[in-house]
Amino acid sequence: MRECPQCGNSYPETFLYCPTDGSPLGDDEEENIRRPTRRPAQIRIRTLIIGMAILILAAAVAFMGAFFYQYWKPKYGSLVIKTTPPGAMISVNGKFRGVTPITLTEMRSGTHQLKGTREGYKDYIQQVTVMPYATENVHWKLEPIVPQLSNEQLAEVEAWRKKLERAYSENILLPPPDDYNVLFFAQKILTIDPANAYALDVKAKLAESVRQLADYAYAREEWLEAEKQYKNLLLLFPNDASVEGRLADVAAKIDASIKDREKQIHDWIERAEAAIKAGSLLPPEKDNAFDAIRSIQRLDKSNSYARETVSILKEQVQGRGDAKIAASDWQGARNEFKSLLKYFPEDNYSKGRLAVIEAKISEMAQLEQQRIQSANEEQKTRQTTQSLRQSALNYFRTGDYQRSISEWKEYLKFEPNSDEAYFYIGASYQDQKQLDTAILNFEKCLSLNPNNILAHLNLGLLYDYHRDSFKRAEEHLRKAKDLGGAEGYNPARLQSMIQDLQDRAQAYSVLKMQFSVEHKHTFSSCRGHLSFTEEGMEYRTTETDHSFYESYKGMRAFAMQGNSLSIKTRNNKKYNFVFLNAGDAERVRAWVSSRYIRIDNQVD
């Protein structure tokens, strides 16, 4: 224990100072005697030198290791290759690497031999040095092999190109069939014209597509599909060592998988059943039954399920084609039977049906061509008739009626049932005062269109003032009124005109009648019949010869009062009549008031 000299409190030995006032605690003498004296730590110089030497040696070894590792480790760069035109196959040191444009990474630094080949162009070979951690760019302009083609060869190339385009549209890219696919037609073109850009481009696109399918199948370990696609690729590149190597690899994997053949056959049967149920029967339909059956046959050529299913598949495709024929879907039916013949070229039923379909499609094409031609002719005729109509209207509006009639008659050659044409012909004749011809054309207009208001209106006027046919005039005016009238002739005005016609018709009936009258003499009288005409009046009697005829122009006075009629002539003759039948006097009076007779002198 230690005691504080200030406060007198004692604290354990671990305290050097008083917690209360901070004074140093005192040591008793025994404690000081018992505790040994501490000496400062010391390191020998020899030990220090040895340690420093070890550290320097370790740093030198590490530096040399890092230096030699960086010096001897492999170095890589990148290579970008482009060609004009694109689509050239690139080999590096004899190994195929792809089609341009292409970027090659992880290229060992140093010198490499590049080779570019493209059908129709000369091979291009170049030595290229790849620098570490750098990207080299190579751009080649390929030199085409341009043959001098004759006209016959050019025509043959064009014929093959049309077949190629047709096969491309039908998605028949590779065999089978051997003589109808895109590759076959492209090769035919390149045989004649090795530099044909279109065929080369099609072939390059086809190669890229097949390569992608092959690599995809290989990545998914679908060995049979990969084998099929690599064989297709070998058709495009017959001497490509990389494709042959990949095929050998795939064949080895297929051989290795034969041990599990029964399971694979069972899986393919399930796929075939699912595809048939989904209606996916033939390529290029996805996951189709035909490819599944072929996969089964690759594993077991004598498989009974595959044989039976092939027959079912053919029947179903034929049924689909027949159904489309029944629905008049000729193009769809054609595609069905062509797809079937692509894989079963000896199917006679499909050949027969395809022949019928082709004949029908050809017939429809001819009909379509005729329809287009007819439509063009109809359009041309429509333009001609429209021009004639506008010209005829313009001549009519400017008062050139004869030329208007000529244009309308020409128009009728194209539009024989045009009521408008007959109306304007009638109107032109009417304005030329050829009224009977005008009536004839207005009647033709109404025979084509009974609701032509203007034709009814004009006929009503013509039958009134030209033909004096009140009945016919009234019929046409009434029809014009029922149709709503025309400009300047509203229904109210037409009704007034109809009423006037009726009144004049009733008055005009006087001219067709003989009126029984008593003729008053100075000291006697006689009886006879009085009749009226447009020009005068006539009295006939069987008694003493008092019959006479007097024109209205020779009258000075014509007066009626009650049932009596008094007449005075210019030579001072007087006649007095009494109508014997009731109503006759009223009829004559109405006729007189209608002004059908004109008497210049006033009535006395």
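Derivation of every value follows stated rules applied to the coordinates shown; laboratory data play no part. Every value quoted in this text rests on a predicted model; they were computed, and no experiment measured them. Don't worry about glycine lacking a Cβ; one is built from the backbone with ideal geometry, like all the others, and counts go over all protein chains shown.
With Cα atoms as the point set, the range 447-534 shows a radius of gyration and Dmax of 19.3, 68 Å. With neighbours defined as other Cβ atoms within 10 Å of a residue's Cβ, the residues 522, 381 order from fewest to most as 522, 381. Once backbone amide H atoms are built at 1.01 Å from N, residue 557 has 568 as its partners under 5 Å, excluding neighbours fewer than 5 places away on the same chain. Computed from the Cβ-Cβ distance with R0 of 22 Å, the FRET efficiency linking residue 331 to residue 201 stands at 0.20.
By the Cα gyration tensor, the range 409-452 has an equivalent ellipsoid whose semi-axes, rounded to whole angstrom, run 17, 12, 7 from largest to smallest. Multiply the residue separation of residue 378 and residue 417 by 0.36 nm, subtract the distance between their alpha-carbon atoms, and state the gained length in nm to one decimal. Full-extension gain reported as 12.4 nm.
When the Cα gyration tensor is reduced to axis lengths a ≥ b ≥ c, the ratio a/c is 1.5 or higher for the chain, and with a/b above b/c it is classed as prolate. In the chain, the sites counted are GluC sites (Glu not before Pro) in DSSP loop states with at most 15 other Cβ atoms within 10 Å, and the longest stretch holding none of them, exclusive of the sites, is 14-220. In the chain, the longest principal axis of the Cα atoms and the axis of helix 584-593 are about 60 degrees apart.
In plain terms, the chain from residue 448 to residue 84 could stretch by 123.8 nm, reckoned as 0.36 nm per residue minus the Cα-Cα distance. Modelled label positions at residue 49 and residue 522, each set 7 Å beyond Cα in the direction of Cβ, lie 20.2 nm from each other. Our coupling estimate for the range 243-254, obtained by passing each phi through the Karplus curve with A = 6.51, B = -1.76, C = 1.60 and θ = phi - 60°, is 5, 4, x, 5, 5, 4, 4, 5, 4, 5, 5, 5 Hz, Gly and Pro reported as x. Calculated [222 nm] ellipticity per residue, helices only, for the chain: -18500 deg cm²/dmol; basis is -39500 (n - 2.57) per DSSP H run with n ≥ 4, divided by all residues, nearest 500. Applying a DSSP loop filter and a limit of 15 other Cβ atoms within 10 Å to the trypsin sites (Lys or Arg not before Pro) in the range 284-353 leaves 286, 301.
Would you please classify the overall shape of the range 194-350 from the alpha carbon gyration tensor, given that a ≥ b ≥ c denote the square roots of the eigenvalues, rounded means a/c under 1.5, and beyond that prolate means a/b larger than b/c while oblate covers the rest? Oblate is the answer for the range 194-350, as a/c is 1.5 or above yet b/c matches or exceeds a/b.
For the pair residue 406 and residue 367, a Förster radius of 35 Å applied to the C-beta separation gives a FRET efficiency near 0.35, rounded to the nearest 0.05. Between amide H atoms placed 1.01 Å from N, distances below 5 Å from residue 121 occur with 145, all of them 5 or more places distant or on a separate chain. For the pair residue 393 and residue 571 in one chain, pulling the backbone fully straight at 0.36 nm per residue adds 58.2 nm over the alpha carbon distance. Taking amide H as placed 1.01 Å from N in the peptide plane, residue 9 has its amide H under 5 Å from the amide H of 4, each at least 5 places away in sequence or on another chain. Between residue 513 and residue 472, the simple label model (points 7 Å from Cα in the Cβ direction) yields a spacing of 2.5 nm. Among 361, 254, 439, 50, sorting on how many other beta-carbon atoms sit within 10 Å of each Cβ, with the fewest leading, yields 50, 361, 254, 439. Applying both filters, DSSP loop and at most 14 other Cβ atoms within 10 Å, to the trypsin sites (Lys or Arg not before Pro) of the range 84-132 gives 122. Here the Karplus relation 6.51 cos²θ - 1.76 cosθ + 1.60, evaluated at θ = phi - 60°, turns the backbone of the range 78-92 into coupling constants of 10, 9, 10, 10, 10, 9, 10, x, x, x, 7, 7, 10, 10, 10 Hz, with x for every Gly and Pro. If you fit an axis through the alpha-carbon atoms of helix 453-465 and take the longest principal axis of the Cα set of the chain, what angle between them do you get, 0 to 90°, nearest 10? Compared with the principal axis, the helix lies near 10 degrees.
Treating only the Cα positions of the range 213-262 as identical point scatterers, give the base-10 log of I(q)/I(0) from the Debye formula at each q in 0.17, 0.24 Å⁻¹. Log10 of I(q)/I(0), two decimals: -0.46, -0.83. Among 101, 233, 463, whose Cα lies farthest out toward the positive end of the dipole of the chain, if unit charges sit on the beta carbon of Lys, Arg (+1) and Asp, Glu (-1)? Projecting each Cα onto the dipole axis, the largest value belongs to 463.
Provide the FRET efficiency to the nearest 0.05 for the residue 127-residue 244 pair, computing r from the beta carbons and using R0 = 35 Å. Computed FRET efficiency for residue 127 and residue 244: 0.85. Taking a ≥ b ≥ c as the square roots of the eigenvalues of the alpha-carbon gyration tensor, the range 513-593 is classed rounded because a/c is under 1.5.
Of interest is the spacing of the C-alpha centroids, which for the range 393-442 and the range 112-177 amounts to 72 Å.
Computed from backbone phi with θ = phi - 60° and the Karplus coefficients 6.51, -1.76 and 1.60, the 3J(HN,Hα) list for the range 175-188 is x, x, x, 5, 10, 8, 7, 4, 4, 4, 5, 5, 5, 4 Hz; x is used for glycine and proline. Residue exposure proxy: 107, 89, ordered by other Cβ atoms within 10 angstrom of their Cβ from fewest to most, comes out as 107, 89.
Extending 7 Å from the Cα toward the beta-carbon at both residue 308 and residue 7 defines two label points whose distance is 10.9 nm.
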